[in-house]
Number of protein chains: 2
Amino acid sequence: MSARNSADHGRDIPEATVARLPVYLRALTTLADQGTSTCSSEHLAAAVGVNSAKLRKDLSYLGSYGTRGVGYDVAYLRYQIAREIGLTQDWPVIVVGIGNLGQALASFSGFRSRGFRIVALLDADESRHGEVVSGLPVEPFDDLARIAREHGVAIGVIATPAHAAQDVADAMVDAGITSILNFAPSVLQVPEGVDVRKVDLSIELQILAYHEQRKLPVAADVDGVGEVSA
Amino acid sequence: MSARNSADHGRDIPEATVARLPVYLRALTTLADQGTSTCSSEHLAAAVGVNSAKLRKDLSYLGSYGTRGVGYDVAYLRYQIAREIGLTQDWPVIVVGIGNLGQALASFSGFRSRGFRIVALLDADESRHGEVVSGLPVEPFDDLARIAREHGVAIGVIATPAHAAQDVADAMVDAGITSILNFAPSVLQVPEGVDVRKVDLSIELQILAYHEQRKLPVAADVDGVGEVSA
DNA sequence: TAGATTGTTAATCGATTAACAATC
DNA sequence: TAGATTGTTAATCGATTAACAATC
């Protein structure tokens, strides 16, 4: 009953699928680098650690880029995924907060090779201004709006302490930035239409700790102490 | 029909809930620091940006720690969540790979305050050995097993380049580490019983780019180019 | 043609959320 | 008691996966 035709492709891709497309893309790049020209869903799924049915379902949201009985052309599928994500274009990015993490981000080569180009590093600390980090000068935070507009920046990265993060987000939104990657351990309030993704190092460790804690105690279903002597 | 009693608490908490508990914990810490002693699910939910029904359902997996008509005692709920996650104990952690990211991790104060203690920094590069980073000496990667056992390390962080990550993971598993936080852009193969969480900076940016790409083109349902002039 | 593999269906599973009885 | 808020139910929604017809 649902009138799905070829023109629908690229619309309404489930979030869970969107989050996996970059993983597939990376695996395809690895395969291409190894000289592999064709691969099956089974092969690619094994490389990224997912169920092959899930992989095929994910790819089906993009279109029919495989050949039954044969598999997928690595270069072709790779291009289609890159196009779908928007990596065939260049994304100027600014980073606010040049502490240890900000410097690590500034020097991270993985961004550049995937279509992301850091065009400016900003910090509120005057004593840092003019300092060159990974080839870019540290500029005043107050110049955010001007810099963002000059470079057509749509994506901003927050690498400040938690207490500054909301102010930075507000300034980014004012400057027309509509996608924010937040490394500060704080919840950002942003208007509708602005996407925020959060990377939180200590939350990741806490999730691991939760599972780790369940591994150590004995399996018996008692309300025991469950502590092991140090 | 399901015989759920109070002794069940702390078992079978859904993954989605586990991932949110650290967020609740942080919000409760903020409230406590502000001197707030009681809060409603509505209030706490607003602070972390979730539906209050979801918050109450999440908390219900831990037990009944609220008071109808009143809300939650901030300090008490905070303790209960911390206990559930396992943050009432100390987690020794090692970091392998002392590049920019590894140094940022080593100096990140957020770990220590949440019960995680970095006990060693390791790197395969001999020229770095002995160098002191954030008060810890960089030690040889080959000493991983000894160091991990000496400190009872259960959680390891991989901050190496992608090509080294699998070897590091293998060594960690051999050394008895059963939880790994992987910052390298590679898929790790680990035996059952070992948890891996992955933080991938460029994947986060790619997910943002996907959504950003859908914002820019005009809404019309045409197969147009959708490119804006630079 | 026979074998292989995709793309899709449909069943299942897990997560979200509105609504409300329980109860402070 | 009246008002407020929890803890839980049940409906809904979205994601996963086995199975298989389509088809190269």
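Can you find even one residue in region B:156-174 that is in contact with an Asp or Glu (Cβ under 7 Å, 6 or more places away or on another chain), surrounded by 19 or more Cβ atoms within 10 Å (Cβ to Cβ) and either more than 16 Å from B:Lys198 (Cα to Cα) or among the β-branched types (Val, Ile, Thr) (or both)? Within region B:156-174, none of the residues are in contact with an Asp or Glu (Cβ under 7 Å, 6 or more places away or on another chain), surrounded by 19 or more Cβ atoms within 10 Å (Cβ to Cβ) and either more than 16 Å from B:Lys198 (Cα to Cα) or among the β-branched types (Val, Ile, Thr) (or both).
Any residue at all in region B:25-37 that is within 14 Å of another protein chain (Cβ to nearest Cβ) and farther than 24 Å from B:Gly115 by Cα? No.
Here A:Asp73 clears all of (1) touching a helix residue (DSSP H, G or I) at 6+ places or on another chain (Cβ under 6 Å); (2) farther than 30 Å from B:Ala106 by Cβ; (3) at pLDDT 95 or above except the condition numbered (1).
Just one of the listed residues (A:Gly97, A:Gly135, A:Gly66) is within 16 Å of DNA strand D (Cβ to nearest atom) and either within 26 Å of A:Ala184 (Cα to Cα) or outside the structural domain of A:Asp200 (by TED's automatic domain parsing) (or both), and it is A:Gly66. Take residues that are more than 10 Å from chain B (Cβ to nearest Cβ) and open to solvent by less than 20 Å² (accessible area, probe 1.4 Å) and tell me which of the strands (runs of 3 or more DSSP E) falling wholly in region A:64-129 contain 2 or more. The qualifying strands (runs of 3 or more DSSP E) are A:91-96, A:116-123. Is at least one residue of region B:19-33 assigned by TED's automatic domain parsing to the domain that holds B:Arg78, surrounded by fewer than 16 Cβ atoms within 10 Å (Cβ to Cβ), on the phi < 0 side of the Ramachandran plot and over 20 Å from the mean Cα position of the chain (by Cα)? Within region B:19-33, one or more residues are assigned by TED's automatic domain parsing to the domain that holds B:Arg78, surrounded by fewer than 16 Cβ atoms within 10 Å (Cβ to Cβ), on the phi < 0 side of the Ramachandran plot and over 20 Å from the mean Cα position of the chain (by Cα).
Can you find a residue in region B:208-216 that is touching a residue at least 12 places away in the same chain (Cβ under 8 Å) and of a type in the set (Phe, Trp, Tyr)? Within region B:208-216, none of the residues are touching a residue at least 12 places away in the same chain (Cβ under 8 Å) and of a type in the set (Phe, Trp, Tyr).
When the residues of region B:48-62 are filtered to those that are within 13 Å of chain A (Cβ to nearest Cβ) and outside any helix (DSSP H, G or I), the one that is farthest from DNA strand C (Cβ to nearest atom) is B:Leu62. Given (1) open to solvent by less than 40 Å² (accessible area, probe 1.4 Å); (2) closer than 14 Å to B:Pro22 by Cβ, identify the lone condition not met by A:His211. Unmet condition: (1). Taking every residue in region A:124-144 that is in contact (Cβ under 8 Å) with a residue 24 or more places away in the chain and pairing it with any residue that is buried (at least 16 other Cβ atoms within 10 Å of the Cβ) and in a helix (DSSP H, G or I), at least 6 positions away or on another chain, the pairs with Cβ-Cβ distances below 6 Å are A:Ala124/A:Phe141; A:Val133/A:Gln103; A:Val133/A:Ala106; A:Ser134/A:Ala106; A:Val138/A:Arg128; A:Leu144/A:Ala171.
State whether the residues of region A:35-55 include one that is under 19 Å from the mean Cα position of the chain (by Cα), touching a residue at least 60 places away in the same chain (Cβ under 8 Å) and open to solvent by 20 Å² or more (accessible area, probe 1.4 Å). Taking every residue of region A:35-55 in turn, none turns out to be under 19 Å from the mean Cα position of the chain (by Cα), touching a residue at least 60 places away in the same chain (Cβ under 8 Å) and open to solvent by 20 Å² or more (accessible area, probe 1.4 Å). B:Thr178 satisfies every condition listed in (1) free of Cβ contacts under 8 Å to residues at least 24 places away in the same chain; (2) at the interface with another protein chain (Cβ under 9 Å from one of its Cβ atoms) except (1).
Of A:Ala45, A:Ala32, which residue is part of a helix (DSSP H, G or I) and away from DNA strand C (no atom under 13 Å from the Cβ)? The unique qualifying residue is A:Ala32. Within region A:69-94, the set of residues being among the charged types (D, E, K, R) and either within 9 Å of DNA strand D (Cβ to nearest atom) or touching a residue at least 24 places away in the same chain (Cβ under 8 Å) (or both) comprises A:Asp73, A:Arg78, A:Glu84, A:Asp90.
The values are calculated or read from the model by the stated rules, or taken from the named source; none is laboratory data. Please read all numbers here as calculations on a predicted model, not as lab measurements. Cβ: placed from backbone, ideal geometry, glycine included. Neighbour counts: every protein chain shown. Heavy atoms of the whole protein, side chains included, go into the accessibility calculation; ligands, DNA and RNA do not. Shrake-Rupley method; radii C 1.70, N 1.55, O 1.52, S 1.80 Å.
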